[in-house]
Amino acid sequence: MSSQQPTDEPVYEDRVYRSSMGVVAGVLLLALTAWLCGDALLRGSGGTRWIALAVTLCAVPLIVAFTIRPAVFANADRLRVRNPFRIIELPWAAVDAVRAGYSAEVLAEGSKYQLWSVPVSLRERKKANRQQMRRSAQDRRDPGASGGPAAKARAGSSEPMRASADRIVDELQGLAESGASRPGAQGSVRVRWSYEIIAPALAGALLLIVLVATR
């Protein structure tokens, strides 16, 4: 009697990467905008209300675009990058590399796309490097004592210290390498502009320019 053997191929749900600090900053900025512009709309008069409306129409989409909106979605077949004004879908077969220098970015089909939701902190990277250097120096000073508690603790945390952006980039690069040969990971890069963000921001900016010019 034969039984079906389980596949060893991992199946991933969408992994979502976004900046928690960016979301917090966006919520605070939206609250500040609502307070200031809302007060002007309720208590202002004449052109003040129109200016407050224009500022709100322009500022809210931009705040959302640069703080709350950015996110990276990754699964076994593709990477979807939601940046302030664009959404980029990249099948893993089209991805050449995912890297983090001064910013996190993905290279595909001769183009470079920045990952806005994965900020690179040089300070955090230097801190992780210093911790790794201290751990390596400690291991060199005490190469024996393999059965001691300190050695066991170091063995349990033997994974190199990495900054959060570098860890995320390593995960995405691993997904790209393991998923590039999958049938569902084939295809070319698709880019879509986010007009739901661009249109109201431009409308608010134009309205504000007209109001200021005609005062």
Going through (1) modelled with pLDDT of 75 or more; (2) not in a helix (DSSP H, G or I) one by one, ILE168 fails only at (2)
Would it be correct to say that SER194 is touching a strand residue (DSSP E or B) at 6+ places or on another chain (Cβ under 7 Å), at pLDDT 90 or above and under 30 Å from ARG49 (Cβ atoms)?
yes
Checked against (1) touching a Lys or Arg at 6+ places or on another chain (Cβ under 6 Å); (2) more than 19 Å from TRP193 (Cα to Cα), PRO91 satisfies every condition except (2)
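The values are calculated or read from the model by the stated rules, or taken from the named source; none is laboratory data. Predicted model only: the values in this text are computed from it and were never measured. Because the Cβ atoms are built from the backbone with ideal geometry, glycine has one as well, and the counts that use them run over all protein chains shown.
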